[in-house]
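The values are calculated or read from the model by the stated rules, or taken from the named source; none is laboratory data. Small disclaimer: the values here were computed from a predicted structure and weren't measured. Note that each Cβ is placed from the backbone with ideal geometry, even for glycine, and that neighbours are counted across all protein chains shown.
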Amino acid sequence: MTFGARNLAIVPAFNEEATVATVIGRIREARPDFDVLVVDDGSFDDTAALAEQAGARVVRHTYNLGIGGAVQSGFLYAREQGYDHVVQVDGDGQHEPADIGRLFAAMDEDPTVDVVCGSRFLSADMRYPAPISRRTGIHVFAKLLSMLVEGRVSDPTSGFRLYNRRAISLFARDYPHDFPEVEAVLMLHHHRLRMREVPVRMYARGGGASSLNAGKSAYYMVKVLLALFIGLARRRPVPGPGDTGHAVAS
Amino acid sequence: MDDRIQILSIIGAAGLLLVVLELVRRRALLERYALLWLFSALGLLVFAIWRDGLVVLADAVGIASPPNALFTLAFGAILVLLLHFSAAVSRLADRSKLLTQRVALMEEQLRRLRQQPDASESDDTTEQAEELDPVSMR
């Protein structure tokens, strides 16, 4: 991309003291051209202190907002500080910072692309060890989204994404709440922003606990499906900050 | 007809009215919500005093038994109220999210400014540009 572009890696982290420093170190090593911003989403452990020691900038939420709120804080930060690109790298070590180059290559190749999403299912090197139930769920969303956005989406739950300025400003204004990745794809489509996928590697979590356990997975499915269908009917353009389009009974 | 239940109803409805007024007086209840409860309490009081009111009401909407008219009405009103509160809570959650994000961003900025005390006078964005490494990997 343009010489001297300002790039920010957003690392959302909630009680990730076991892995956050390693993740930051790997990003800095692989991509010295990125500033690293850890969004500490109200952790009880030493996530924030360790992140700062590891050389990251740290934004701390006073209480846990959930992954959507955490990532949105990163977008707000990027927009306000004038960053050109944002990449999201999860704090649990699932994403491979060395693959950021692959995301960038796709954006360079086609400048009309606003978001490049790392997909674990396009890769011949299928190292992603997800349980079959999780994979089935992802494929259901993939099929549904592919129909809705009229284009192939293979890994709609991947958070490993590269965003340009247009996408940053859209998501700084409005980003879905609890399980944002799937719905965000639909938002991009509605706002005529273009997304592309490239194959990347993903790993099992390095430590800490996933925000999803077995019981929550079903809830996740239902909630995201609901969000998708409501998202279809939601009015455009996006509401301003503070107005999320909740029904108001009066 | 037994007067005791009527007296009890009147006392109950009047009590509710007084509690609401007292809460407003102590500023424990915003007027906007107080109004809802005031009307509910007033409605209850009206039907407690005006015995035939329920019969008239039931006839008007075609419900055979007056008590059922009361239950239907009360149930509907409570449903609307709850929905209203869910919406209000959602709005509050959304606003507190915005505040949390804003505070978090400001704290980060403040911390960075404090780390370089001489820079606190100058414009923050130029400060930013200087501290960044301009060399891109790409």
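Do the conditions hold for residue A:118, that is, is it exposed (fewer than 15 other Cβ atoms within 10 Å of the Cβ) and either modelled with pLDDT of 90 or more or of a type outside the set (Lys, Arg) (or both)?
No; evaluated as a whole, the condition is false for this residue.
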Report, by residue number, each residue of the stretch A:1-50 that is in contact (Cβ under 8 Å) with a residue 12 or more places away in the chain and small (Gly, Ala, Ser).
-> A:5, A:9, A:13, A:18, A:21, A:25, A:30, A:42, A:43, A:48
Could you check, for the stretch A:178-189, whether at least one of its residues is within 14 Å of chain B (Cβ to nearest Cβ), within 22 Å of residue A:73 (Cβ to Cβ) and modelled with pLDDT under 85?
-> yes
Taking first residues from the stretch A:78-100 that are on the phi > 0 side of the Ramachandran plot and second residues anywhere that are buried (at least 23 other Cβ atoms within 10 Å of the Cβ) and not polar (S, T, N, Q), the pairs with Cβ under 9 Å that are 6 or more apart or on different chains are A:93/A:16; A:93/A:20; A:93/A:23
Which condition breaks for residue A:132 when tested against (1) on the phi < 0 side of the Ramachandran plot; (2) in contact (Cβ under 8 Å) with a residue 24 or more places away in the chain?
-> (2)
Confirm whether residue B:9 is farther than 29 Å from residue B:88 by Cα, hydroxyl-bearing (Ser, Thr, Tyr) and surrounded by fewer than 15 Cβ atoms within 10 Å (Cβ to Cβ).
-> no
Among (1) surrounded by 14 or more Cβ atoms within 10 Å (Cβ to Cβ); (2) modelled with pLDDT under 90; (3) within 14 Å of chain A (Cβ to nearest Cβ) - the single one residue B:78 does not satisfy = (1)
Inside the stretch A:107-122, can you point out the residues that are charged (D, E, K, R) and within 17 Å of the chain's Cα centre (by Cα)?
-> A:114, A:120
Any chance the stretch A:216-223 includes a residue that's surrounded by 14 or more Cβ atoms within 10 Å (Cβ to Cβ), closer than 29 Å to residue A:47 by Cβ, at pLDDT below 85 and in contact with a Pro (Cβ under 7 Å, 6 or more places away or on another chain)?
-> no
How do the helices (runs of 4 or more DSSP H) wholly within the stretch B:3-120 filter down when requiring 2 or more residues that are of a type in the set (A, V, I, L, M) and in contact (Cβ under 8 Å) with a residue 24 or more places away in the chain: which remain?
-> B:4-25, B:31-49, B:66-115
Of the conditions (1) surrounded by 14 or more Cβ atoms within 10 Å (Cβ to Cβ); (2) within 27 Å of the chain's Cα centre (by Cα), the single one that residue B:92 does not satisfy is (1)
Single condition residue A:84 does not satisfy, out of (1) more than 8 Å from chain B (Cβ to nearest Cβ); (2) in contact with a Ser or Thr (Cβ under 9 Å, 6 or more places away or on another chain); (3) crowded, with 21+ Cβ neighbours inside 10 Å = (3)
Residue selected from the stretch A:89-111 under the condition among the acidic types (Asp, Glu) and part of a loop (DSSP other than H, G, I, E, B), by the criterion modelled with the lowest pLDDT | A:92
Can you spot a residue in the stretch A:168-185 that is in contact with a strand residue (DSSP E or B) (Cβ under 7 Å, 6 or more places away or on another chain), surrounded by 21 or more Cβ atoms within 10 Å (Cβ to Cβ), assigned to a helix (DSSP H, G or I) and of a type in the set (A, V, I, L, M)?
-> yes
